[in-house]
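Here's the structure, in structure tokens; my notes come after.
Every read-out reported here was derived from the displayed coordinates using simple, explicitly stated rules and does not represent laboratory data. No experiment lies behind these values; they were computed from the predicted model shown. With ideal geometry, Cβ positions are generated from the backbone for all residues, glycine too; neighbour counts draw on all protein chains shown.
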Amino acid sequence: MKALRRGLVTFGTAAVVVGTVLGAGAAGAVPLPALPALPNGSLGQPPASKAQLNKSFKKLSSSMAKKNPGRIGIAITAGGGDSALSFGSLKSARAWSTLKVPVSIAAQRRNGTEVRPQQIKAITLSDNDAAEALWASLGGNRAAVTAVTGVLRDGHDSITRVSSQLDSPPSFPGYTDWKLTSQSIFAANLPCVPGSSEVLGLMGRVGGNQQWGVAKPKTRGVTSAVKGGWGPRSDATGKYVVRQLAVITTPRGTLGVSLAAEPASGSLGDGTAMLDRLGKWVLSNLGKLPAGTCVGVPTAAQNAKPEPEQAQPEEAQPQAQQPQAAQPETAEPDPAAQVQPAPAAQVRPAAQ
């Protein structure tokens, strides 16, 4: 599927050359036509250099190594941009339920309001059954992979490959390896992805089981839309990786953010605590980070016809016991609310 036309966000000073075009044998000069305005609301160079931000992040890392040991990572992209700032040693991990964002958008493109109830549960409560229903509504694994990949490409993520049971060996969508830089680029362009507005609205009111990281900014004029994801970092271990995909809106523009943590303890509770530390750092440095706006361009993706339905749709994620229904504002972190691997690989953290 065709991706959106890439927007431009500049981080340096744009030089406009003013000159003249001389006509043959003419005594006067013809002014050059005015240059078009820079697209995507370019906001110029961020107040802080990468070196300054690195220094600040190093202090955070040193502090976290004592109280919250483990691997951490942050990627930040200015709204509409295609270049991410990256911090920390953790560069990529399984997507887990952060992938429910493009899955929900893809399902809406195909089925319209028919899947709205499943979207609400999949995003606000991170409900697995709802996510599996959305995946199945796309027509089975091959058609679903194509549809979700199309959403990623529309969001300027040009490299992520969606996992499924078509893989060898068979895998699951939540196992998709999603680089932090690619995820932040997708988040930076998400507001301009066709069909994303309703999902972004749901991301703005996620339940208590996702109220960490950058989910609760306190600065006036700053809001966020988030989706969390958590699960074992590999089939070889029950230790958890915790992730968050976020779009932060500020008076200066938007930022796409990807946070990830692999606590040394492997517990979900320690992972969310680490994301809280990372989120606090991001929110406290918003004025020093690049921001921008995206410009949407219609694509063929939203009108593409899905492939014929497969014999039997596969599950979006490995089966797992689902929690009791909860109100979005009071739900507590619960790994059962996330897509979990097959029982043989499933290891749950201690109760929080």
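Key figures for this structure:
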item	result
Arg71 long-range amide H proximity, modeled H, under 5 Å	Glu262, Ala264
3J(HN,Hα) from dihedral phi, region 52-61, Karplus parametrisation 6.51/-1.76/1.60, rounded to Hz, x for glycine, proline	5, 5, 4, 4, 5, 5, 4, 5, 4, 4
³J(HN,Hα) computed for each position of region 81-89 - Karplus, 6.51 cos²θ - 1.76 cosθ + 1.60, integer Hz, glycine/proline x	x, 10, 10, 9, 8, 10, 9, x, 8
Cα-based shape type of region 195-236, given that a ≥ b ≥ c are square roots of the gyration tensor eigenvalues and the cut on a/c is 1.5	oblate
Proxy reagent accessibility, fewest Cβ within 10 Å first, across Glu114, Glu262	Glu114, Glu262
Two-site FRET efficiency, Lys50 against Glu198, from Cβ-Cβ distance with R₀ of 45 Å, rounded to 0.05	0.80
Vicinal HN-Hα couplings computed from phi for region 123-139 (Karplus, 6.51 cos²θ - 1.76 cosθ + 1.60; Hz; Gly/Pro x)	8, 6, 10, 6, 6, 6, 4, 5, 5, 5, 5, 5, 4, 5, 5, 7, x
Highest to lowest packing among 174-180, 216-222, 149-155, scored as the average C-beta count within 10 Å	149-155, 174-180, 216-222
Per-residue Cβ neighbour rank within 10 angstrom, fewest leading, Thr146, Thr160, Thr223	Thr223, Thr146, Thr160
Residues Lys59 and Glu114, FRET efficiency given R0 of 35 Å [Cβ-Cβ distance, rounded to 0.05]	0.10
Over 27 Å (Cα to Cα) - which of Lys100/Lys288; Lys239/Lys280; Lys91/Lys121; Lys50/Lys239; Lys239/Lys288; Lys218/Lys239 fall in this group	Lys100/Lys288; Lys91/Lys121; Lys50/Lys239; Lys239/Lys288; Lys218/Lys239
